[in-house]
1. Does the stretch 45-61 contain at least one residue that is open to solvent by less than 40 Å² (accessible area, probe 1.4 Å), on the phi > 0 side of the Ramachandran plot and either assigned to a loop (DSSP other than H, G, I, E, B) or touching a helix residue (DSSP H, G or I) at 6+ places or on another chain (Cβ under 6 Å) (or both)?
2. Filter the stretch 23-42 down to the residues that are in contact (Cβ under 8 Å) with a residue 12 or more places away in the chain, open to solvent by 70 Å² or more (accessible area, probe 1.4 Å) and assigned to a strand (DSSP E or B) and list them by number.
3. Pairs needed: first member in the stretch 7-22, without any contact (Cβ under 8 Å) to a residue 40 or more places away in the chain; second member anywhere, open to solvent by 30 Å² or more (accessible area, probe 1.4 Å) and in a strand (DSSP E or B); C-beta distance under 7 Å; at least 6 residues apart or different chains.
Amino acid sequence: MTFSKGDHVTWNTPQGETHGTVVEKRVEEFQLDGQKFKASDDEPYFVVESDKSGSKAAHKESALSKKK
C-alpha cells in the first residue's frame, strides 16, 4: 500500500494511536526536527501532520495505516 498527500492515516506512538494527514512523500535523505532520515525510492518516508497537535513526524510506509 502506498500513501498520497492528503490521505488520513494512523500510527502508533508511546502515548497510543495517533491520527493525522500525509503532508508529503520523501525519497531522498532529509532532516526533520534535527533528526536525519535515510529515505530512498525503495524505502520512502512519509511526513505526516498530527490532527491533535499539528506537529509533523516522518514514518516509513510500514508504520502507517489508512484511517478507516
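1. Yes, the stretch 45-61 has at least one match.
2. Of all residues in the stretch 23-42, those in contact (Cβ under 8 Å) with a residue 12 or more places away in the chain come to 23-28, 30, 32-33, 35, 37, 39-41.
The next check asks that each one be open to solvent by 70 Å² or more (accessible area, probe 1.4 Å); those that pass are 24-26, 28, 33, 35, 41.
Selection gives GLU24, LYS25, ARG26, GLN35.
3. What qualifies is GLY20/GLU49; THR21/HIS8; THR21/GLU49.
The values are calculated or read from the model by the stated rules, or taken from the named source; none is laboratory data. Note that the structure is a prediction, hence the values are computed from the model and not measured. Positions of Cβ are backbone-derived with ideal geometry, glycine not excepted, and every protein chain shown enters the neighbour counts. Note: areas computed on protein heavy atoms with side chains; ligands, DNA, RNA excluded. Shrake-Rupley method; radii C 1.70, N 1.55, O 1.52, S 1.80 Å.
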